Amino acid sequence: MKKSIVYLFMLLAFSSCIPESLVDSLSPLDMEFPPLPVRDDNPLTEEGKQLGRMLFYEKKLSRTNTISCASCHLQENAFSDPNIVSFGVDSLTGNRQAMALFNLAYNENGLFWDGRSPTLRHLSLLPIQDEKEMDETLENVIAKLANEPIYQDQFSLAFGSDEITEEKMGLAFEQFLTSMVSNNSRYDQFKRGEITLTESEIDGQRLYLESACDNCHKRFNLDDTEHRFINNGLDEDDQMTDFGREHITGLTSDRAKFKVPSLRNIAVTAPYMHDGRIETLAEVIQHYATEVKSSTTVENELEDGIGLTDQEITDIVHFLQTFTDEEFITNPAFSDPF
């Protein structure tokens with residue numbers, strides 16, 4: 001962390017005598033998206049995406065016919081849940097905060113907070129079978145959908161046959177989730193030279209870099225370039241109740257480590273952290289500034305904290321708010337089709 005801060009101070013000193021456009025080009029926040037990754041065995045089609053969209057909003061996927069994927073992943077919240085934890089059938093609650101759903105096709109280290117799911121098609125079917133979420137069997141879901149002419153027609157359009165199978169459901173979900181790309185925030189527009197930022201937002205960008213926030217939130221998706229799972233200092237050893245990645249790997253060195261989420265749309269995805277314990281962005285920044293707790297697996301670069309004034313925290317919050325993609329959270333292509 002110290003090396004990063006020294007480098008950034010040198011960069012800022014140098015940048016004081018060069019044009020602003022060049023300063024921005026030197027920024028390590030490269031927002032240019034690579035081509036959308038699409039699996040060879042599941043090319044995107046309009047019919048497949050539409051079927052996946054229908055399934056995403058379909059409440060018949062739950063045992064009680066009252067819960068859909070969209071019940072816990074709301075578009076206005078970048079397909080996250082404003083509740084600390086989500087409510088499933090019979091008002092049962094899960095253990096972790098529902099992650100936002102966008103740019104998932106670019107993921108390279110597993111899905112869910114602990115990375116346990118390798119593909120979007122695999123991820124999509126797990127909540128249906130989870131007793132705290134939809135609590136249904138895939139066999140029952142297939143039977144329900146098979147009785148609906150609209151689904152017989154849509155499966156036929158998407159896959160050339162009206163036979164409904166677990167595999168086809170996963171492929172349709174995968175196509176819809178792959179299509180959910182968020183890349184037109186105000187900061188993207190700023191990087192393209194289309195708009196300017198406020199003085200507070202510019203100051204927030206500077207502080208973000210000086211504080212080495214980009215060590216974990218950098219590339220185009222503002223997530224971890226090294227695809228790490230980290231312990232970000234929420235608990236001391238004897239306070240830990242969720243062992244995170246350790247549940248998957250069995251390694252004590254992975255205790256309380258979780259995925260580094262994207263900061264895109266972060267202003268609309270509160271509450272924060274894997275268990276939703278932090279309510280506001282200002283409190284998140286304060287955590288990293290002064291409240292990181294020491295433990296055997298905490299990320300070393302976080303332990304020293306960062307000294308920030310209240311105004312500096314406000315400026316960083318304003319900067320983070322520029323990552324909200326209004327086009328994405330209102331796009332009718334991702335909304336309820338029914």
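Annotations for the structure displayed:
- Residue of Leu263, Leu171, Leu36 that the Gaussian network model of the chain assigns the largest fluctuation, springs spanning Cα pairs under 10 Å: Leu36
- Full-extension gain in nm, Leu36 to Glu301, via 0.36 nm per residue minus C-alpha separation: 92.2 nm
- Choice from Phe155, Phe258, Phe243 showing the highest fluctuation, given a GNM over the chain with Cα pairs closer than 10 Å: Phe243
- Tensor-based shape of segment 261-314 (alpha-carbon gyration tensor, a/c under 1.5 rounded, otherwise prolate or oblate): oblate
- Of interest is the spacing of the C-alpha centroids, which for segment 257-304 and segment 91-138 amounts to 21 Å.
- Net length available on complete extension from Thr252 to Glu148 is 32.6 nm, with 0.36 nm assigned per residue and the Cα-Cα distance removed.
- Per-residue Cβ neighbour counts within 10 Å put Arg264, Arg255 in the sequence Arg255, Arg264, beginning with the fewest.
- Taking the Kirkwood radius as Rh and the Cα radius of gyration as Rg, segment 202-272 has a ratio of Rg/Rh equal to 1.03.
- For semi-axes √(5λ) of the Cα gyration tensor in Å, the value calculated from this model appears in (1) 45, 23, 17; (2) 28, 27, 21; (3) 38, 24, 17 under label (3).
- Candidates Asp162, Asp315, Asp254, ranked by Gaussian network fluctuation over the chain, Cα under 10 Å, top entry: Asp162
- Computed FRET value (nearest 0.05) for Glu167 with Asp336, which takes r as the C-beta separation and R₀ as 35 Å: 0.90
- Neighbour cut-off at most 15 other Cβ (10 Å), DSSP loop, GluC sites (Glu not before Pro), segment 114-153: Glu131
- The residues packed around Asn331, meaning those with a beta-carbon under 13 Å from its beta-carbon, carry a net charge of -3 if Lys and Arg are +1 and Asp and Glu are -1.
- Residues Gln286 and Asn140, FRET efficiency given R0 of 41 Å [Cβ-Cβ distance, rounded to 0.05]: 0.30
- Dipole of the chain, positive end: most advanced residue of Gln152, Phe328, Ile230 [Cβ charges, Cα centre]: Gln152
- The largest-to-smallest principal axis extents of the Cα set in segment 154-307 are 61, 48, 27 Å.
- For Lys49, a cut-off of 12 angstrom between C-alpha atoms picks up these aspartates and glutamates, skipping any fewer than 8 places away in its own chain: Glu174.
- Note that segment 183-188 has calculated 3J(HN,Hα) couplings of 8, 9, 6, 4, 5, 4 Hz, one per residue in order, obtained from phi through the Karplus relation 6.51 cos²θ - 1.76 cosθ + 1.60 (θ = phi - 60°); glycine and proline are x.
- Convex hull volume per residue in cubic angstrom - Cα atoms of segment 24-178: 133
- Cα-based shape type of segment 298-338, given that a ≥ b ≥ c are square roots of the gyration tensor eigenvalues and the cut on a/c is 1.5: oblate
- Separation of the alpha carbons by more than 20 angstrom is noted, of Lys144/Lys168; Lys132/Lys259; Lys132/Lys257; Lys60/Lys168, for Lys132/Lys259; Lys132/Lys257.
- The phi torsions of segment 211-220, fed into the Karplus equation with coefficients 6.51, -1.76 and 1.60 and a -60° offset, translate into couplings of 7, 6, 4, 6, 4, 10, 10, 10, 3, 3 Hz, rounded to whole numbers, with Gly and Pro shown as x.
- Global geometry of segment 27-107, whether rounded, prolate or oblate, following the gyration tensor of its Cα atoms and the 1.5 cut on a/c: oblate
- At most 10 other Cβ within 10 Å, DSSP loop - chymotrypsin sites (Phe, Trp or Tyr not before Pro), segment 65-149: none
- Segment 150-252 - charge dipole about Cα centre, Lys and Arg +1 at Cβ, Asp and Glu -1, debye rounded to 20: 560
- The phi torsions of segment 326-338, fed into the Karplus equation with coefficients 6.51, -1.76 and 1.60 and a -60° offset, translate into couplings of 4, 4, 5, 7, 10, 5, x, 5, 10, 8, 4, x, 9 Hz, rounded to whole numbers, with Gly and Pro shown as x.
- Volume per residue that the Cα convex hull of segment 228-319 spans, once the total is divided by residue count, Å³: 100
- Length-normalised contact order of segment 81-174 in % [C-alpha pairs under 8 Å, at least 6 apart]: 22
Any read-out appearing in this document is the output of simple, stated calculations on the displayed coordinates, not a laboratory observation. Values in this document were obtained by computation on a predicted structure and should not be read as measured data. Backbone-built Cβ (ideal geometry, glycine too); neighbour counts: all protein chains shown.
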